[in-house]
Structure formats: C-alpha cells, structure tokens
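To keep things clear, I will list the structure first and then write my remarks on it.
The values are calculated or read from the model by the stated rules, or taken from the named source; none is laboratory data. Quick caveat, the model's predicted, so the values are computed rather than measured. Methodologically, a virtual Cβ is constructed for each residue, glycine included, from the backbone with ideal geometry; neighbour enumeration extends over all protein chains shown. To get the accessible areas, we keep the full protein, side chains included, count just its heavy atoms, and leave off ligands, DNA and RNA. Shrake-Rupley method; radii C 1.70, N 1.55, O 1.52, S 1.80 Å.
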Amino acid sequence: MTAVPPPPDILSPEFDADPYPAYRILRDHYPLHHHEGTGSYLISRYEDLQRAFREPVFTSDNYAWQIEPAHGGRTLPQMSGREHAVRRALVAPAFRGRALRERFLPVIERNARELIDGFRDAPDADLVARFATRFPVNVIVDMLGLDRADHDRFHGWYSAVVEYLANLAQDPAVAAAGLAARDELAAYLRPVIQERRAAPGDDLLSELCTAEVEGTRMSDQDITAFVSLLLAAGGETTDKAIAGIFRNLLAHPGQLAAVRADRSLVPVAFAETLRFSPPIQMIMRQPAADVTIGGGTVPAGATVTCLIGSANRDERRYARPEVFDIHRGDLTADNAFSAAADHLALGLGRHFCVGALLARSEVEVGVNQLLDAFPRMSFADGEAPAETGVFTRGPRTVRVRLTPAGLAAPPAA
C-alpha cells in the first residue's frame, strides 16, 4: 500500500518554488484541508472551486479585511446584490464594446509601441522589466486621463499595493508600504477628482465622476478605491499574463511558430496561459452558513482559500493538464474572457473580472506588436525562467535574445 503523503504547506519555500506537485497532493488526498498557517480551509478541485465562485453561500465578506484596507474603501469584489449590480453598471461600460474599441484601443496601441521603441534595436531585453510590468499600468494612467509624466509614480503604487495583497506571511514592512501607497494615491487623486467633477473631459476618470445609475453616483472614496483596484487587479493580470505567454511559447517553439503564422491564436495562447499558469493563484471566500464541500464541512464565517492554480490543472477536468497546449480541445477561447469561461483564472459568475476584455485587448495588442517587432526571439540563457509567488505567480524576468524585424531572415521561432 502506498503511503499517503503529508499535507503540503502553501507558505513553505518548496511550495513557492513549485506549487504544482503540492496542488496534486491536495487534490488527490486533501480536497478540503484546514491550513494552520493561514487559518483557512483550502479547496483545490475544479468542481469545488466552481461551486465556491457561483453559489451565493460563498460570500466575499472576507474582502473587508483582506483587500479593503489596501484600496481605502469598498470595491466591486466585496459587494453583492443591488449594491454590486449598481456599482458594476457604473464602471463596466468603459471596459467593453464600442467604448473599449474606439476610446481606449488607440491608447493601448500607443503605449505598446512606445515601450517597444525603447528596446526595438536592442540585442536582448527583459520582457518583464521593459514591457510587461509597465504596459498595463501606463495604459490605465492614460485611460484615466492623468499626467503621463507620472507613469513611474503609478508603477510604484501598483507594486506596493499588489505586494500588500500577496502578503500571506503578513510581513509588517510590506503591509506598511502598501498602506502608504494607498494614502499617497488617494491624496494624488482627490484634487483631480474635484477638477473632473467641475469640468469633465473625455477620459475614464471623468466618466467615473459623472456616471449615475438608479440615482447612485460614485463618491470620491469610491473612485479612489476603484482606481486602486484597477491598478492592482488590471495591472497584475496583464503583467504576468504577457510574461507567462512568452515564457510558455518560447518553451514550446512549435506552438510559438503556429502563433506567429496565425495571429488568431494569440487569444488562444492567452486562454491556455491563464489555465496553465494563472497570474492569480488563489482567492478567498467566506461562507455565510455551514457548507459541505470537498468531502467535509466548512463552518460559517471561516475563510476558504480557492486554489485556482490547482483547479486549472485538475486531471478530473482537463486532459494532460500539466502540458501547455494551445491546441487542446477542452478549453474554449471563444468564452475564455466571459463569465462562462472554461478556466477559473478570472473567476466565474457575478464576480467575474470586470476588466477581462480590457486585459484581452492589452494582451492581444502587446503580444502582436512584440511578435511583429522581433521575428526572432529566444531565451537569452537558453532555458525558461523560473516562476515565483504564492498568491500571485509568474516569472520575475523573461530575458530574451532579439532580432529586430529589419534584420531577421527568414522569420523563425
């Protein structure tokens, strides 16, 4: 008889180095596991996370202590019922349809082009430092109609807030830096909000200042909290997704060649990257009543940690889940950026990521422009960089050798 391995510790160095073997142990032997270090119940199977994302008994009340302090106010992920519906209706129109295509796609294209211009003739570059981590933050600043000279300031605030949210070990210095960034961002935004209320322009911040649904308008605190959420959630997903796409495709040259030849595969590669190496590895829920899940019972008011990184590699749901494969038949790109997605990286149901289509637009533009600029690209040191992180995860660097478009003949992976 094979011995059952002990439950893994999600705060251990071994887990940080590679969580996927630990995820499999949890799925196979501990589908519901109380983790002492975080004081939460871990769930790891696809079908259980589906329930936690869709069933109303699993609330987001935990966000009152988990994310509200970082953003300085209540945000969409922690709302429910009419409050959630009205607030989502206030902000969602800017992130879909004509507004996204006509108002903000040019902003996305310009920012991608400007960043690539900074290393277009370089023999090598770190795609994370030179592009991925800057791109979504710069886009958000420009969408809001804020001073482009402040891109670096916003990147600093973004980094501090994301590190606060990922601070499962409760490092006090990380927590203090996140709260300081919250206060600095709010202080920066308040006078600008007053200006936009008095004289709205054609920008997202003006839209947030003037939008009204069912007699409800956003307060100054609502707006500053939403901007903080947009920076953290929107920035981190796109940042790590672009880094992950290139890490995954460069590690699979045949699939990179297929994407180069058929750019309709770019969103497919994005969807498979979200499944295979999701930027957000876990989110929390709080049941309003005792609930049976994973073969056990979670008491009302407890914290449930939903391990997205595990569920997206559940062999009960996906064939060969440990393999990155843009041609797989059990992941549909057509609905990968909607509330009916086959993967769990962007949530499901009512709390599905409001910025999913913005992220898709950013990734498609960024990846296409990088492929156009560099017909030859390979890992600078010959192997894929390691991923790091527990709450959020991705490569810290993706250093590549580059051949600019004017020098490459013939194009190759």
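Label separation (ALA386 vs ALA149): 4.2 nm, computed from points 7 Å beyond Cα along the C-beta direction.
With θ taken as phi - 60° and the Karplus curve 6.51 cos²θ - 1.76 cosθ + 1.60 applied, the whole-hertz 3J(HN,Hα) list for segment 368-377 is 4, 5, 5, 5, 5, 6, 9, x, 10, 8 Hz, x standing for glycine and proline.
Computed from backbone phi, the HN-Hα couplings of segment 289-306 come to 9, 3, 9, 8, 7, x, x, x, 10, 9, x, 3, x, 6, 9, 10, 9, 8 Hz, rounded to whole numbers (Karplus: 6.51 cos²θ - 1.76 cosθ + 1.60, θ = phi - 60°; Gly and Pro given as x).
Relative contact order for segment 230-357: what percent, with Cα pairs under 8 Å and sequence separation of 6 or more? Don't skip to the end; give the middle numbers.
Values: 153 pairs, mean separation 28.0, N = 128.
After rounding, I find 22 percent.
For the pair ALA199 and ALA64, a Förster radius of 41 Å applied to the C-beta separation gives a FRET efficiency near 0.70, rounded to the nearest 0.05. Modelled this way, with points 7 Å down the Cα-to-C-beta line, the labels at PHE379 and ALA85 are 5.0 nm from one another. Among the protein heavy atoms of segment 163-282, carbon and sulfur supply 54% of the accessible surface, probe 1.4 Å, non-protein parts ignored. Remark: the chain carries 40 Å² of accessible area per residue (probe radius 1.4 Å; ligands, DNA and RNA excluded).
Contact order, relative form, for segment 246-315: 26 percent (alpha carbon pairs under 8 Å, 6 or more residues apart, mean separation divided by residue count). With a Förster radius of 41 Å applied to the beta-carbon distance between ASN368 and ALA3, the computed FRET efficiency rounds to 0.25. Estimated purely from DSSP H runs of n ≥ 4, each contributing -39500 (n - 2.57), the mean residue ellipticity at 222 nm for the chain is -13000 deg cm²/dmol once divided by its residues. Exposure check, 1.4 Å probe, all protein chains in place: HIS34 carries approximately 70 Å² of accessible surface.
Over the chain, what is the mean sequence separation of C-alpha contacts under 8 Å (at least six apart), divided by residue count, expressed as relative contact order in percent?
On the way: 663 pairs, mean separation 103.4, N = 413.
The normalised contact order for the chain reaches 25 percent.
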